[in-house]
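Visitor: To start, I am sharing the structure in question, which I have written as structure tokens.
The values are calculated or read from the model by the stated rules, or taken from the named source; none is laboratory data. Since the structure is predicted, the reported quantities are computational estimates derived from the model, not experimental observations. When we count neighbours, we look across all protein chains shown, and the Cβ atoms used for this are built from the backbone with ideal geometry, even at glycine. Ligands, DNA and RNA are excluded from the accessible area calculation, which covers all protein heavy atoms including side chains. Shrake-Rupley method; radii C 1.70, N 1.55, O 1.52, S 1.80 Å.
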Amino acid sequence: ALDKNTGKTLWKNARDEKTSWSTPLVVEQDGKPQVIVSATGKIRSYEPATGKVIWECAGLTRNVIPSPVIGNGMVYATSGYQGNALLAIRLDRTGDLTGTDAIAWSVKKGTPYVPSPLLYNDRLYFFSGNNAMLSCFDAKSGRALIDAERIEALQGVYASPVGADGRVYVVGRNGTTVVLKSSDKLEVLATNRLEEKTDASPALAGKDLFLRGREYLYCIAAK
């Protein structure tokens with residue numbers, strides 16, 4: 001952790017991890033902040049002021065890339081390299097949570113390699129590997145609503161899904177964006193394609209949708 005004004009190192013905590021690709025997630029639980037980081041060995045929660053480990057939990061696969069997401073008093077961590085794992089971990093615990101009831105529910109198939117999951121309207125959306133096969137689970141119970149259904153217009157997926165105004169936007173590497181209704185079924189509302197390959201996740205700002213292709217940045221907006 002660095003002092004944002006001076007760049008001075010405030011603390012450093014050695015970790016038994018060869019690589020870590022996931023973006024840290026800052027959350028608040030019971031009025032106290034936590035910094036959650038997914039990795040191959042364990043997903044860990046740190047005290048941001050000191051670097052002390054609040055809790056840790058094994059169970060993800062190697063080479064974790066997707067960033068965790070938070071909601072319903074839980075953090076949802078996924079990975080999909082050389083295996084599949086999704087853990088819904090309760091945030092109000094401490095210590096080593098591996099194999100305990102702190103794991104509210106889990107999944108061992110169809111989880112993402114590169115794209116992060118989307119938590120929206122109490123539904124957890126995620127792709128299988130880097131493929132255009134979408135799953136959706138009830139975020140509270142872990143009940144499968146959509147089970148690895150293929151979205152035909154997409155060809156490969158690196159981008160994470162985003163949600164807005166009752167819709168879920170998913171982008172394929174072939175430059176196609178598919179708009180889905182946020183519901184318990186896979187319902188396509190629209191399909192739009194740019195003549196440029198796209199790996200980056202879409203970004204939302206107000207009523208504007210930003211898409212970054214291999215060469216150009218696009219802003220899609222209502223007239």
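Visitor: Counting only C-alpha contacts under 8 Å and six or more residues apart, can you give the relative contact order of the range 1-69 as a whole percent?
Guide: Working: 129 pairs, mean separation 20.1, N = 69.
Relative contact order of the range 1-69: 29 percent.
Visitor: Using the basic label-point model (7 angstrom from Cα toward the beta carbon), what is the THR50 to ASP16 distance in nanometres?
Guide: About 2.2 nm, to one decimal.
Visitor: Also: So which GluC sites (Glu not before Pro) in the range 1-104 pass both tests, a DSSP loop state and at most 16 other Cβ atoms within 10 Å of the Cβ?
Guide: GLU17
Visitor: Per residue, how large is the accessible surface of the range 1-134? Use a 1.4 angstrom probe and give square angstrom.
Guide: Ligands and nucleic acids excluded, the figure is 49 Å² per residue.
Visitor: Taking 0.36 nm per residue of separation and subtracting the Cα-Cα distance, what length does fully extending SER141 through ALA221 add?
Guide: 25.2 nm
Visitor: For the range 90-200, what proportion of DSSP beta bridges, expressed in % and rounded to the nearest 5, is antiparallel? Let's see the in-between values first.
Guide: On the way: 26 of 27 bridges.
Counting only bridges with both partners in the range 90-200, antiparallel ones make up about 95 percent.
Visitor: Going 7 Å from the Cα of LYS108 along its beta-carbon direction, which residues of the range 137-168 have the amide nitrogen within less than 19 Å of the resulting point?
Guide: What the label zone holds, given the 19 Å backbone N cut-off, is 142-144, 148.
Visitor: Can you list the residues, at least 5 places off or on another chain, whose amide H is less than 5 Å from the amide H of ARG123, using H built in the peptide plane?
Guide: ALA139
Visitor: Then there is this: Just want the answer: with Cβ charges of +1 for Lys and Arg and -1 for Asp and Glu, which residue in LEU25, THR6, SER45 is farthest toward the dipole's positive end in the range 1-53?
Guide: THR6
Visitor: Tally the DSSP beta bridges in the chain and give the antiparallel ones as a percent, rounded to 5.
Guide: The answer is about 95 percent antiparallel.
Visitor: In the range 40-163, what percentage of the DSSP-assigned beta bridges are antiparallel, given to the nearest 5?
Guide: Once the DSSP bridges in the range 40-163 are tallied, antiparallel ones form about 90 percent.
Visitor: For the range 159-223, with every protein chain kept in place, what is the accessible area per residue (1.4 Å probe, Å²)?
Guide: Working: 3900 Å² over 65 residues.
Value returned for the range 159-223: 60 Å² of accessible area per residue.
Visitor: Then there is this: Do any trypsin sites (Lys or Arg not before Pro) in the range 58-102 lie in a DSSP loop with no more than 10 other beta carbon atoms within 10 Å, and if so, which?
Guide: Answer by residue number: there is no such site.
Visitor: Quick check for me: using +1 on Lys/Arg Cβ and -1 on Asp/Glu Cβ, what's the dipole size of the range 1-129 about its Cα centre, in debye to the nearest 20? If you can, show how the numbers build up before the last one.
Guide: Details: 15 positive and 11 negative charges, 70 e Å.
So the magnitude is around 340 debye.
Visitor: Report relative contact order for the chain in percent, whole number only (criteria: Cα-Cα under 8 Å, sequence separation at least 6).
Guide: Normalised by residue count, the contact order of the chain is 10 percent.
Visitor: In Å, what Rg and Dmax follow from the Cα atoms of the chain?
Guide: When restricted to Cα atoms, the chain yields Rg and Dmax of 18.0, 53 Å.
Visitor: Follow-up question, since we're still on this one. Between the range 25-77 and the range 119-158, what's the alpha-carbon centroid distance in Å?
Guide: A separation of 22 Å, based on Cα centres.
Visitor: Which percent of the accessible area of the chain is formed by carbon and sulfur heavy atoms (probe 1.4 angstrom)?
Guide: 48 percent
Visitor: Hey, if you put +1 on the Cβ of every Lys and Arg and -1 on every Asp and Glu Cβ in the chain, which of VAL162, LEU87, ALA203 ends up farthest toward the positive end of that dipole?
Guide: The one lying farthest along the dipole's positive direction is ALA203.
Visitor: Which whole-Hz couplings ³J(HN,Hα) result when phi for each residue of the range 179-184 is put into the Karplus expression 6.51 cos²θ - 1.76 cosθ + 1.60, θ = phi - 60°, listed in order with x for Gly and Pro?
Guide: 9, 10, 6, 6, 7, 7
Visitor: Beta carbons within 10 angstrom, averaged per residue: use that to sort the peptides 80-89, 156-165, 185-194, highest first. Don't skip to the end; give the middle numbers.
Guide: Working: 80-89: 20.7, 156-165: 19.0, 185-194: 13.2.
Per-residue mean Cβ counts within 10 Å order the peptides as 80-89, 156-165, 185-194.
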